[in-house]
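Asker: I'd like to ask you about the structure that follows.
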Amino acid sequence: MSEIKFQFDPNQRHQHEAVDAVVSLFEGQTRREISLSPIRGGTGSGLWAGSGIDQAAGNDPYLLGGQLKENLRKVQDRYEVDVTDPSAEIEGWELFDEPLDETRLVPHFTVEMETGTGKTYVYLRTIFELSVKYGIQKFVIVVPSIAIREGVLASLSAMREHFRALYNNVEYEHFVYDSKRLNRIRPFAESRMLQIMVINIDAFNKDVDDERSKGSVILRENDSLGGRRPIEFIQAARPVVIIDEPQSVDNTPKAQAAIRKLNPLMTLRYSATHRSRSEEHRLNSSHGYISYAVFC
């Protein structure tokens with residue numbers, strides 16, 4: 001029996017617009033080659049104290065607030081997004097104990113799409129666009145359930161040749177976070193190759209709920225990682241965190257705290273089942289059947 005191969009159409013207008021809305025946030029930035037830096041932390045040293053010999057090839061935290069805000073407003077103007085206060089600063093997380101400045105800003109952006117319009121394809125293609133154009137190589141996809149996690153993994157495998165054809169044979173690695181297979185965390189941080197980690201929020205919540213809990217594997221010092229905690233490798237990578245269905249993923253303080261511990265460069269929130277439209281800036285595209293928005 002011959003193998004069945006799916007054909008993916010790369011020319012859907014609404015998908016191009018959704019990808020462009022995110023990629024345009026980086027307009028004016030030059031492509032940066034990923035650089036090595038020490039992974040801080042280790043046995044008895046605390047999260048950001050000291051330094052170590054382990055090297056992480058992390059995303060460069062070069063998103064400057066002024067340029068990012070200007071690009072954001074251009075995107076919103078282009079797609080006629082209703083912005084209440086165009087002069088407002090982009091909100092962001094202040095991570096850990098370091099003072100908030102432009103390099104520590106963790107902005108949040110949302111792309112909304114109607115069900116069945118290719119949300120997973122859009123955010124996967126956005127990953128490759130950001131990698132090829134701007135050298136951003138570390139991504140974490142947080143999903144609401146094991147079923148969706150498996151669907152994302154299936155898409156990554158099925159679309160491998162499609163994306164290689166679109167992006168000059170780009171190589172990438174993807175894997176599921178598994179507290180029983182922590183050896184995969186080190187290459188996620190150290191590799192210069194495009195890395196995509198997929199994790200369902202329930203497993204992550206369980207792991208990060210209580211630092212004193214025996215179940216908090218991701219926060220516990222591990223001999224196989226040189227006495228470091230697995231979370232330190234992820235944090236050093238400064239991943240772009242993609243949240244699939246945020247209304248089901250980061251809808252509790254506990255879940256938000258778990259995602260914040262990843263030390264993201266930024267979060268991209270992709271929603272296809274909208275719960276609270278009245279509280280959000282919105283864009284209805286000219287072709288009517290899809291709506292999405294990019295906002296802080």
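Asker: Quick one: which residues, 5 or more positions from Gly227 or on another chain, have an amide H under 5 Å from its amide H? H modelled 1.01 Å from N in the peptide plane, none for Pro or chain starts.
Answerer: Amide H neighbours of Gly227, under 5 Å, 5+ apart: Asn222.
Asker: Order Thr110, Thr120, most accessible first, counting only protein heavy atoms with a 1.4 angstrom probe.
Answerer: Details: Thr110 5, Thr120 35 Å².
Per-residue accessible area, sorted high to low, gives Thr120, Thr110.
Asker: Taking θ as phi - 60°, what are the ³J(HN,Hα) couplings along region 223-233 by the Karplus curve (6.51, -1.76, 1.60), each to the nearest whole Hz, with x for Gly and Pro?
Answerer: 4, 5, 10, x, x, 8, 8, x, 4, 5, 5
Asker: If you don't mind, another one. Can you compute 3J(HN,Hα) from phi for each residue in region 167-173, using the Karplus curve 6.51 cos²θ - 1.76 cosθ + 1.60 with θ = phi - 60°, rounded to whole Hz and x for Gly and Pro?
Answerer: The phi angles translate into 10, 6, 6, 4, 9, 8, 10 Hz.
Asker: Check Gly58: other-chain or 5+ apart residues with amide H under 5 Å from its amide H, H built from backbone geometry?
Answerer: Ser35, Ser37
Asker: Next question, about the same structure. If you stretched the chain out fully between Glu171 and Ser24, how much longer would it get, using 0.36 nm times the residue separation minus the C-alpha to C-alpha distance?
Answerer: 50.6 nm
Asker: Using θ = phi - 60° and the Karplus form 6.51 cos²θ - 1.76 cosθ + 1.60, what ³J(HN,Hα) does each residue of region 255-269 get, whole Hz, x for Gly and Pro?
Answerer: With the stated coefficients, region 255-269 comes to 5, 5, 5, 5, 5, 4, 5, 6, 6, x, 6, 6, 10, 10, 10 Hz.
Asker: Got a sec? What order do Glu17, Glu89 fall in by accessible area at 1.4 Å, biggest, i.e. largest, first?
Answerer: Glu89, Glu17
Asker: From the mean inverse distance of alpha carbon pairs (Kirkwood) and the Cα radius of gyration, derive Rg over Rh for region 112-204. Write down the numbers at each step before the final one.
Answerer: Working: Rg = 13.3 Å, Rh = 14.0 Å.
My calculation of the ratio gives 0.96.
Asker: Further, regarding this structure: Amide H to amide H, which residues 5 or more places from Ile141 or on other chains are under 5 Å from it, using H placed in the peptide plane?
Answerer: Met197, Val198, Ile199, Ile242
Asker: Taking the Cα-to-Cβ direction at Glu150 and at Glu114 and moving 7 Å from each Cα, how far apart do the two end points lie in nm?
Answerer: So the two model labels end up 3.0 nm from each other.
The values are calculated or read from the model by the stated rules, or taken from the named source; none is laboratory data. The model shown is predicted, which means the values in this text are computed figures rather than measured ones. Cβ sites come from the backbone with ideal geometry, for glycine too, and all protein chains shown count toward neighbours. Calculation scope for accessible area: heavy atoms of the full protein, side chains included, ligands and nucleic acids excluded. Shrake-Rupley method; radii C 1.70, N 1.55, O 1.52, S 1.80 Å.
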